[in-house]
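K.L.:
First the structure, which I've put down as structure tokens, then a few questions once you've had a look.
The values are calculated or read from the model by the stated rules, or taken from the named source; none is laboratory data. All of these numbers come straight from a predicted model, not from anything done at the bench. Positions of Cβ are generated from backbone atoms using ideal geometry, with glycine treated the same way; all protein chains shown enter the neighbour counts. The protein model used for the area step is the full one, side chains on, heavy atoms only, and it has no ligands, DNA or RNA in it. Shrake-Rupley method; radii C 1.70, N 1.55, O 1.52, S 1.80 Å.
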2 protein chains.
Amino acid sequence: MKEGPDIAAIAALIGDPARANMLTALMSGMALTAGELSCEAGVTPQTASAHLAKLADARLILLETHGRHRYFRLAGAEVAAAIEGLMELAAHSGHLRTRPGPRDMAMRRARSCYDHLAGAMGVRLHDALVEQGSIVATAHGLGLSPAGRSRFRAEGIDVEALERPGRAPCRACLDWSERRHHLAGPLGSALLSLILDGGWAKRGADRRTILFTREGEERFEKLLARSESAAKPRLVGLR
Amino acid sequence: MKEGPDIAAIAALIGDPARANMLTALMSGMALTAGELSCEAGVTPQTASAHLAKLADARLILLETHGRHRYFRLAGAEVAAAIEGLMELAAHSGHLRTRPGPRDMAMRRARSCYDHLAGAMGVRLHDALVEQGSIVATAHGLGLSPAGRSRFRAEGIDVEALERPGRAPCRACLDWSERRHHLAGPLGSALLSLILDGGWAKRGADRRTILFTREGEERFEKLLARSESAAKPRLVGLR
DNA sequence: CCGACGCTTCGTCACGGAGCGAAGCGTCGG
DNA sequence: CCGACGCTTCGCTCCGTGACGAAGCGTCGG
């Protein structure tokens with residue numbers, strides 16, 4: 001049993017606290033500078049530099065240079081997925097670092113998981129879209145129903161851009177704080193963009209917590225309500 | 001960003017080659033003795049014992065004692081999911097340990113991923129069941145359609161046992177070798193049991209490869225064919 | 001131009017963890 | 001009962017890795 005992916009190499013990279021903190025910070029989906037990441041990791045810039053080089057060599061993160069600033073971001077959704085899987089396992093097996101507090105509650109309510117909405121509100125979004133059939137199971141993962149397409153189009157989302165060959169327009173991502181699925185993939189990403197760009201919510205100081213305005217929350221509820229009451233009749237016998 | 005699950009602790013456990021090999025061996029879904037796991041890891045029994053204690057303390061594996069034999073198995077599906085996520089990431093980022101060979105081909109074709117069928121055949125099973133609507137998206141993950149329920153019942157599967165409160169009857173699990181979904185969860189588990197108990201296939205020497213007999217392969221194809229041609233008409237416009 | 005800043009590279013040190021030999025305990029089977 | 005076997009625990013060694021200080025390079029802005 002020595003063939004196949006070398007999970008030890010990958011896990012060992014994530015298994016260092018400094019690197020784990022960096023990767024977790026990058027789960028916000030935003031690119032951060034080497035200096036910012038050294039703060040996140042709580043180490044000196046020189047140490048952070050060595051760590052970042054390892055992550056980049058392993059292709060877990062990507063580098064973009066802007067003058068003297070070096071911006072790093074996660075290499076892609078599969079990195080986020082692996083980290084989310086570890087988070088789920090850590091949460092499930094009781095490996096938590098601090099007691100839940102007010103900030104944790106905000107994280108649990110709404111946060112970005114890489115490029116899409118997670119937390120209780122992310123789960124509600126997924127559930128609502130599934131319940132009324134805007135998204136359905138396909139061989140390539142979750143897909144859009146015809147009714148779903150027109151609904152998202154009405155929200156200003158470029159639906160054609162979501163559906164590219166060999167790429168599922170959405171994906172169920174298991175939420176470590178809710179133990180249920182929230183919506184990931186291109187649709188999930190587009191919806192978080194809609195929420196942030198539309199001013200419904202803004203990022204918290206930690207860059208990851210998503211804080212809805214009063215008005216934004218109403219807009220979000222209206223999105224769920226339209227999702228739940230429009231188009232397809234409810235499949236009562238299904239569940 | 002110091003709150004939340006401690007992924008470094010979990011990843012560090014997986015990041016040791018000996019422990020990674022053990023966990024990978026346990027992805028077969030079978031329980032193995034401490035001695036067997038020390039062979040898998042390529043270390044002495046005393047070293048293996050210390051590693052196993054760490055994994056058990058962290059609740060990644062469970063111990064069952066039978067006389068002088070100590071059987072260990074993965075603690076649950078969330079462990080398998082995290083490992084699978086790391087496998088996907090390792091494969092995606094080019095962290096492979098050996099060149100693909102004949103054995104690897106058998107692994108890619110059909111293998112057990114914890115308690116369900118993975119590899120090309122596992123992906124085909126998922127796709128066929130989705131295409132004809134036996135399984136559909138629900139808020140709790142993938143669920144069974146009415147037609148799916150009667151079909152699986154006809155195969156001798158205890159469908160009522162699959163659908164328990166708070167537990168999705170199936171789940172899409174991303175396959176690291178195929179980069180597509182195969183079927184996990186209770187239904188996936190029941191189908192692998194059907195395949196193995198029904199004599200359609202047996203486990204390879206490595207305990208993880210699933211080797212179909214000629215006859216078993218025909219039975220499998222018939223399952224797919226019935227899945228694809230029966231009940232619900234094809235949703236041609238969907239994709 | 002030049003000092004400040006962001007970041008990388010080099011050298012060194014200290015600590016922790018994985019490894020194994022030795023020893024011991026409990027179970028099994030003849 | 002007793003030797004063989006499976007497994008755990010203890011003690012010790014060695015190596016690898018993360019940490020930081022020092023130094024250097026490139027970019028930025030006054």
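K.L.:
Could you point to the residue in A:THR33, A:ALA154, A:PRO5 farthest towards the positive end of chain A's charge dipole, with +1 and -1 charges on the Cβ of Lys/Arg and Asp/Glu respectively?
P.N.:
Selected residue: A:ALA154.
K.L.:
Just to compare against my own numbers: the Cα pair-distance distribution for segment B:99-238, 10 Å bins, whole % per bin, please.
P.N.:
Distribution as computed: 12, 44, 34, 9, 1 percent.
K.L.:
Residue by residue through B:128-139, how many Cβ atoms from other chains fall within 10 Å of the Cβ on average?
P.N.:
Shielding by partners across B:128-139 averages 5.
K.L.:
Distance between the C-alpha centers of segment A:134-158 and segment B:102-138? Whole Å please.
P.N.:
25
K.L.:
Return one number: the angle in degrees, 0 to 90 and rounded to the nearest 10, between the long axis of the Cα atoms of helix A:185-197 and the longest principal axis of the Cα atoms of chain A.
P.N.:
Rounded to the nearest ten degrees, it is 90.
K.L.:
Can you pull a Stokes-Einstein diffusion coefficient for the protein assembly as shown at 20 °C (1.002 mPa s), Rh from Kirkwood over Cα pairs, as a whole number of µm²/s?
P.N.:
Details: Rh = 23.3 Å.
It comes out at roughly 92 µm²/s.
K.L.:
Using +1 at the Cβ of each Lys and Arg and -1 at the Cβ of each Asp and Glu in segment B:167-206, identify which of B:TRP176, B:ILE195, B:ALA205 lies farthest towards the dipole's positive end.
P.N.:
Checking the options against the dipole of segment B:167-206, the answer is B:TRP176.
K.L.:
For chain A, find the longest principal axis of its Cα atoms and tell me its angle to the long axis of helix A:119-131, 0 to 90°, nearest 10.
P.N.:
With rounding to tens, the tilt is 40 degrees.
K.L.:
Once both axes come from the Cα atoms, what is the angle between helix A:17-26 and the longest principal axis of chain A, in degrees from 0 to 90, rounded to 10?
P.N.:
40
K.L.:
Any chance you could look up the accessible area of B:TYR114 with a 1.4 Å probe, heavy atoms only, rounded to 10 Å²?
P.N.:
So the heavy atoms of B:TYR114 present about 40 Å² to solvent.
K.L.:
Can you count the Lys pairs in the protein assembly as shown with C-alpha separation below 23 Å, eight or more apart or on different chains?
P.N.:
Lysine pairs, 8 or more places apart or on different chains, close enough: 9.
K.L.:
Something else now. Under a point spin-label approximation (7 Å from Cα along Cα-to-Cβ), what is the B:ASP158-A:ALA56 distance to one decimal in nm?
P.N.:
So the label points at B:ASP158 and A:ALA56 sit 5.6 nm apart.
K.L.:
Give the Cα extents of chain B along the principal axes, in whole Å, largest first.
P.N.:
Reported extents, whole Å, longest axis first: 58, 48, 40.
K.L.:
Continuing with this model, one more query. Can you give me the three principal axis dimensions of segment A:7-75 from its C-alpha atoms, in Å, biggest first?
P.N.:
35, 22, 21
K.L.:
Using just the helices of chain A, give the 222 nm mean residue ellipticity in deg cm²/dmol: DSSP H runs with n ≥ 4 each add -39,500 (n - 2.57), and the total is spread over all residues, rounded to 500.
P.N.:
Values: 11 runs with 118 residues, N = 239.
The helix-only estimate for chain A comes to -15000 deg cm²/dmol at 222 nm.
K.L.:
Report the net charge of residues surrounding B:GLU160, where surrounding means a beta-carbon distance below 11 angstrom and charges are Lys +1, Arg +1, Asp -1, Glu -1. Let's see the in-between values first.
P.N.:
Details: positive: B:ARG149, B:ARG153, B:ARG164; negative: B:ASP158, B:GLU163.
Net charge in that neighbourhood comes out at +1.
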